[in-house]
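> What follows is a structure written as structure tokens; I'll ask about it next.
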Amino acid sequence: MKKDLEKILQEKRLRLDVEEPEADLIWEGIRSGLHKKKAMPEWFWKVAAIFIFAVSATYFIVNETSQKKVVIVSLSDISKDLGNQEQLLKQTVSLKWEEVENQLPSGNSEINFLLDELKELDCVYASYQQDLNQTLNNEPVIRAMLDNYEKKIKILNRLLMEIEKQKHYEMSSENSGRIPYDTIENIQFKSYEKTTTL
Amino acid sequence: MEVIFNQNEQHLVRLCKKGDAKAQYKLYKLYSKGMYNLAVRMTNNQSMAEDVLQDAFIKAFGEINKLKNEKAFGGWLRRIVANLCIDASRKKKLLFTDMESLNESELEESVEVDDTVEPEQIHALIKKLPDGAREILVLRALEGYKHSEIGEQLGISESTAKTQFFRAKQLLAKMINEVNDEERSGKNITGEAIKA
């Protein structure tokens, strides 16, 4: 008798199980698989994961904050020799600056230009210090920092020379009755101002 | 799908939830044959079916606490076995050949065979079906999966699953009819020989 194949399959479904597995052999595999799972229960992995996360998070936070705390103020933080060199240069700079500051005249364009140069060097030095904080023992930056001091000393020397020159000029003009150059410049400027306002 | 379950099995499942090894073995003995036959029909490969059976029981016992309805253990286990078979066939990269899609009325046409066919023969012939067709036939006709579920599991469209199922039925029917015809002609020959 002909019948729908799907119906036959559903009716005979349980009787289709005709093959016998190697039950004991497979059970051994299941048993050892379950034993492995038992040896490392799920909670163990959860605890292990939390522990690893906590340790790595602590390490990361400590590392980050300690890195932020290490701020190199001077080259002596890197080595004693560098610290001594810097100290010597710093002292020279401050001594020369004191000397310049005490006799600084106003209104001299050459001197103003040199003072601007000094300010510029201070800005450059600050940026070098930031670079050094980030890269730590960076030789080119250290060299540039020392070079910066040398440049400052040269400019301060030039400033002292210019001050000396001006003093000498003023004295000689007083003796000869001539109006100093700076005073001429001021008169010219004032007269120029008058012509433009009129 | 017929659900066979008794109080003893429910008790075994409860014990398995507590990690009782004896109960696990008893439950395994109850279901191993059925699950193995499902796996062997799906994969047509004895060693692959054994691997699937082993992995399925390890997974089932390992995750048995997730099973809320203790009476549904058999159906839940069958799903695990079927899914592992699908995973195994994915590794083989089953290819479903493009077939001309059939319309709804064609797909609902009844495929009929002689009712006298023996279960052993059906089981053997299902195993002879091409890989994709065999999986779809087992999932749909024997495991009660919907076409949409089959499509989702095998990564094919619902209409392809329907067409493949229809073709698989046609192919199985053809094979059953051939076996029946051979048997009939064999009986005739022996009958004629006896007469002679």
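The values are calculated or read from the model by the stated rules, or taken from the named source; none is laboratory data. Source: prediction; values computed, not measured. So basically every Cβ, Gly included, is an ideal-geometry build from the backbone, and we count neighbours across all protein chains shown. Side chains included, ligands, DNA and RNA excluded: accessible areas come from the protein's heavy atoms. Shrake-Rupley method; radii C 1.70, N 1.55, O 1.52, S 1.80 Å.
> Can you give me the distance in nm between label points at B:Gln170 and A:Lys36, each placed 7 Å from the Cα along the Cα-to-Cβ direction?
For B:Gln170 paired with A:Lys36, the spin-label model returns 4.5 nm.
> Could you pull out the pairs from A:Lys3/B:Lys169; B:Lys66/B:Lys146; B:Lys18/B:Lys59; B:Lys29/B:Lys169 whose alpha carbons sit more than 21 Å apart here?
Working: A:Lys3/B:Lys169 13 Å; B:Lys66/B:Lys146 24 Å; B:Lys18/B:Lys59 15 Å; B:Lys29/B:Lys169 32 Å.
Result: B:Lys66/B:Lys146; B:Lys29/B:Lys169 exceed 21 Å.
> Same structure, new question: Simple spin-label model, 7 Å along Cα-to-Cβ: A:Glu101 to A:Ser172 in nm?
If labels sit at A:Glu101 and A:Ser172, their model points lie 3.1 nm apart.
> I've got another one for you. Does any residue of the stretch B:15-57 lose at least 50 Å² of accessible area with all protein chains in place compared with its chain alone, and if so which ones (probe 1.4 Å)?
Hits at the 50 Å² cut-off: B:Tyr25, B:Tyr28, B:Lys33, B:Tyr36, B:Glu50, B:Gln54.
> Using a 1.4 Å probe on the protein chains only, how many percent of the accessible area of the stretch B:7-91 belongs to carbon and sulfur? It would help to have the intermediate numbers written out before the result.
On the way: 1830 of 3910 Å².
Carbon and sulfur: 47 percent of the exposed surface of the stretch B:7-91.
> Please list the radius of gyration and Dmax for the stretch B:121-184, considering alpha-carbon atoms only, with Å as the unit.
For the stretch B:121-184, the Cα radius of gyration and maximum Cα-Cα distance read 12.4, 42 Å.
> Still on this model: Could you give the accessible area per residue of the stretch B:7-91, probe 1.4 Å, as a whole number in Å²? Don't skip to the end; give the middle numbers.
Details: 3910 Å² over 85 residues.
That works out to 46 Å² per residue.
> On to the next question. Just which residues of the stretch B:113-137 lose 50 Å² or more accessible area with every protein chain there, against their chain alone, with the probe set to 1.4 Å?
When all protein chains are present, B:Val113, B:Asp115, B:Pro119, B:Ile122 each give up 50 Å² or more of accessible surface.
> Probe of 1.4 angstrom, ligands and nucleic acids ignored: what's the accessible area per residue over the stretch B:104-195, in square angstrom?
Values: 4660 Å² over 92 residues.
For the stretch B:104-195, the per-residue accessible area is 51 Å².
> So, R0 is 30 Å and r is the distance between the beta-carbons of B:Leu15 and A:Lys12; what FRET efficiency does that work out to, to 0.05?
Working: r = 33 Å, r/R0 = 1.10.
The value I calculate is 0.35.
> So how much accessible surface do A and B hide from each other in total, probe 1.4 Å, in square angstrom to the nearest 100? Walk me through the intermediate numbers first.
Details: alone 16560 and 12120 Å², together 25040 Å².
Using a 1.4 Å probe, the pair buries roughly 3600 Å².
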